[in-house]
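Here is the structure we will look at, set down as structure tokens.
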Amino acid sequence: MTHPPVASNPGPKVRVVTLKIDDHDVGARETDSILEIAHANGIRIPALCYLDGLSTWGACRLCMVEIEGVSKPVSACSTTASEGMKITTNSERLKRYRRMILELLFAERNHVCSVCVSNGHCELQDLAAECGMDHVRVPYRNATYNIDSSHDLFRVDHNRCVVCTRCVRVCDEIEGAHTWDVMGRGVNCQVITDLNQPWGDSQSCTSCGKCVQVCPTGALVKKGTAAGEMEKHDDFVPYLAQMRKRQ
Amino acid sequence: MSEAKKITLATAWLDGCSGCHMSFLDLDQRLIELAEKVDVVYSPIVDTKALPDAVDVGILEGAVSTEEDLHKARMFRQRCQFLISLGDCAVSGNVPSMRNMFDLDDVLDRAFVENVQAQPGRPSESLPTLLRTVLPIHHVVQVDLFVQGCPPSADTIWQVLTELMAGNTPDPTQFTRFGA
């Protein structure tokens, strides 16, 4: 005897809304973010801290979009859709803002691509090319941050960190270890392991390496990689996130 | 028969590894095509010793690390109508600028005292004075075009030069990037 298919978790009922993104008419659930809707419809919005499968952080501000009738740009990752919204993803003002954000990121720490293990596989580097950031107009800070090589397998180079907190979120939400967290404010803000102890001494780290795979730059890397050799694969995150929800 | 006036081109090598100039030489047979339209009036790859007073296009490789680099960058800006930063060192400071994380005195001691067995000591003559901070070219003079890459490929350089010769302003971000 066959049973009709039954959804294991139908979830709460959500309304469907229609909206316009760059002159494309799209339909979406009202709980979806503008960024998710855009990506689902093949519309590219640059983003750095956002990663499918992790909670929304809204820190990098690269996914800013304009909504008709709203004077300030909003971050597409943390703004949900509503009926009749008219969204612009790539105006001259937004391009200017994105370029400026990238210039500030490159000026804040050491992002010398040519000698980085992630050269050619770096989201920050790709975003600079995508957004036409061909030179940094602000002064470079030339600040020195620490490099922690105490872990047997991995290394963290804070000079290349953009504090997107993907590592913090994947460690907490997917691995469940919460080894990573954030300390300090402003330019002194940095990710830490346990209570700012060397990564190699961490009692909570399971050495799963998820943080390394989701890191968009050469900040978290596998040891033993030379310039350009660190390729990362973060496509497991949405799958694991989906599996967690079903449990 | 009068020949069309050739575009004058000058290049210089500041604090870089010369890789960008090597990439320029990698144009190979295209150098002959280039020579039909362009006159290289000053460069490490030609024999002229002085930069002419007026040049159409100037290309600078390398970051500004010494008083000498600073002088050259200013002279190029003064005498070249169109100035190009070629390669990551010129555009961003790149590897030479990584010494900015350290104090200049520590850098000099590391290079000339700590790791030297025969006659350790800082050189007092024949070397240009190092600036405290290594800077990209556009932080000391205005630059008209930025070509990223470490080094930019010969194809990138060719595309930039052919666009310029055709009277267009190229957009190098379309075919190169930092670290390329």
Volume of the Cα convex hull of the stretch A:16-90, divided per residue and given in Å³: 80 Å³
Calculate, axis by axis, the spread of Cα positions in chain A along the three principal axes, and write the results as whole Å, longest axis first. 57, 52, 31
For chain A, built as a Gaussian network whose Cα springs stay under 10 Å, the top-fluctuating residue of A:R98, A:R15, A:R61: A:R15
Helix-only mean residue ellipticity at 222 nm, chain A, DSSP H runs n ≥ 4 weighted -39,500 (n - 2.57), per residue, nearest 500. What is it? -6000 deg cm²/dmol
From zero up to wherever the largest Cα-Cα distance of the stretch A:95-238 sits, split into 10 Å bins and tell me the percent of pairs in each. 12, 42, 36, 10, 0
At R0 = 41 Å, how high is the FRET efficiency between B:D39 and B:E67 if r is their beta carbon distance? Nearest 0.05 is fine. 0.85
Using the Cα centre of the stretch A:53-187 as the reference point, and only Cβ charges (+1 on K/R, -1 on D/E), how large is the resulting charge dipole? Debye, rounded to the nearest 20. 580 debye
Counting only other chains, and only Cβ atoms inside 10 Å, what mean value do you get across the residues of A:135-147? 4
If you keep only loop residues by DSSP, which trypsin sites (Lys or Arg not before Pro) in the stretch A:119-194 have at most 15 other Cβ atoms within 10 Å of their Cβ? A:R137, A:R141, A:R185
Restricting to DSSP loop positions (anything but H, G, I, E, B) with no more than 13 other Cβ atoms inside 10 Å of their own Cβ, which trypsin sites (Lys or Arg not before Pro) remain in the stretch B:1-95? B:K5, B:K49
May I ask which residue of A:V26, A:T206, A:V156 lies farthest towards the positive end of the charge dipole of chain A, with charges of +1 (Lys, Arg) and -1 (Asp, Glu) on Cβ and the Cα centre as origin? A:V26
Given DSSP loops and a limit of at most 11 other Cβ atoms within 10 Å, what is the longest stretch of chain A that contains no such GluC sites (Glu not before Pro)? A:84-247
note: the protein assembly as shown, Cα-Cα separations exceeding 35 Å make up a percent value of 42 percent
For chain B, calculated [θ]222 nm from helices alone, where every DSSP H run of n ≥ 4 adds -39500 (n - 2.57): -8000 deg cm²/dmol
Which Cys residues of chain A have no other Cys Cβ less than 4.7 Å away and so no disulfide-compatible partner by this rule? A:C63, A:C77, A:C113, A:C116, A:C122, A:C131, A:C161, A:C171, A:C189, A:C205, A:C208, A:C215
Restrict the search to the stretch B:72-180; then list the GluC sites (Glu not before Pro) that DSSP places in a loop and that have at most 15 other Cβ atoms within 10 Å of their Cβ. B:E125
Residues other than B:P151 with Cβ under 12 Å of its Cβ, Lys/Arg counted +1 and Asp/Glu -1, net out at -4
³J(HN,Hα), Karplus 6.51/-1.76/1.60, whole Hz, each residue of the stretch A:48-65, x for Gly, Pro: 10, 7, 6, 9, 3, x, 9, 5, 7, 10, x, 9, 7, 6, 6, 8, 4, 10
Alpha carbon convex hull of chain B, volume per residue in cubic angstrom: 136 Å³
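Readers should treat all values here as calculations from the given coordinates under stated rules, not as data from a laboratory. Keep in mind it's a predicted model, so treat the numbers as computed, not measured. No Cβ is skipped: glycine too gets one built from the backbone with ideal geometry, and neighbour counts run over all protein chains shown.
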